[in-house]
Each structure stands twice: as C-alpha cells, then as structure tokens.
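The values are calculated or read from the model by the stated rules, or taken from the named source; none is laboratory data. Worth saying up front: this structure is predicted, and the values here are computed from it rather than measured. Cβ sites come from the backbone with ideal geometry, for glycine too, and all protein chains shown count toward neighbours. When the accessible area is computed, the model is the full protein with side chains, heavy atoms only, and any ligands, DNA or RNA have been set aside. Shrake-Rupley method; radii C 1.70, N 1.55, O 1.52, S 1.80 Å.
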Amino acid sequence: MNVSALLRLLQAEHDETAARADHLREQIVRLTTGLAETEARLAELTATRKVIDGLTLPDHATAPVETATVYQCIVTAFNEHPGKVFRVRDLHEHLGLPTDEPSINVTRSR
C-alpha cells in the first residue's frame, strides 16, 4: 500500500469520525436542553406539592364540622341548580349564610 492510499483512508476515517462527533455533540445539546426543561418542571411540581401540602390538614386531623358543613352546603347548592350561575352574595342568601363582606370573602376563597 502506498502512502497516498494510506492518507486517503486516514482522511476518510477522520471525516467519518468528525461527522459522528458532530452528531454526538448535537445529541448532547438536545439532551442537555431536555434535561434542563425536565428539571425545571420537576422543581415546579415539587413547589406546588409543598404549597398544597401546607394548605391541607394532616392525615390525623379532620376539618372542623362547621367548615365541612358549609362546604357540603355549597356543593349541594351547585348540584341542585346545575345550570344556575351563583354570585357569592346570592349563594350566601340562598344558604342563609351571613352576607357581610368578610364572610363572603371566606366563601370566595373556598
């Protein structure tokens, strides 16, 4: 085998290896971007879970009877009147609840 044939083979292998390296670099960029997006989403989900866990009662605690009853009344009102759009004040009047602003704001948060 002469030197020029050897150099051609060496150049062909070099070009092939360089193309594979470029392809692998592109994959690394795509995977790195995908990993960063996925890790950001995981962080969002973790934060959301912490917020929800902080708002919920511990497993051994139960909701106060009064609060549970109000929730049940609200759900029942919506179930009994599925097509009706309730304003909070109207809902309070319908359920016989106080119509003062602090009470209405509590229901809004529910």
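Looking at THR67, THR32, just one residue is open to solvent by less than 90 Å² (accessible area, probe 1.4 Å), modelled with pLDDT of 85 or more and of a type outside the set (A, V, I, L, M), and that residue is THR32. Whenever a residue of the range 1-21 is loosely packed, with under 10 Cβ neighbours inside 10 Å, its partners that are not small (Gly, Ala, Ser), lying with C-beta atoms within less than 9 angstrom and at least six residues away or across chains, give the pairs MET1/LEU9. Among the residues of the range 45-60, not a single one is of a type in the set (Val, Ile, Thr) and at pLDDT 90 or above. Taking every residue in the range 88-104 that is acidic (Asp, Glu) and pairing it with any residue that is modelled with pLDDT under 85, at least 6 positions away or on another chain, the pairs with Cβ-Cβ distances below 7 Å are GLU93/THR99.
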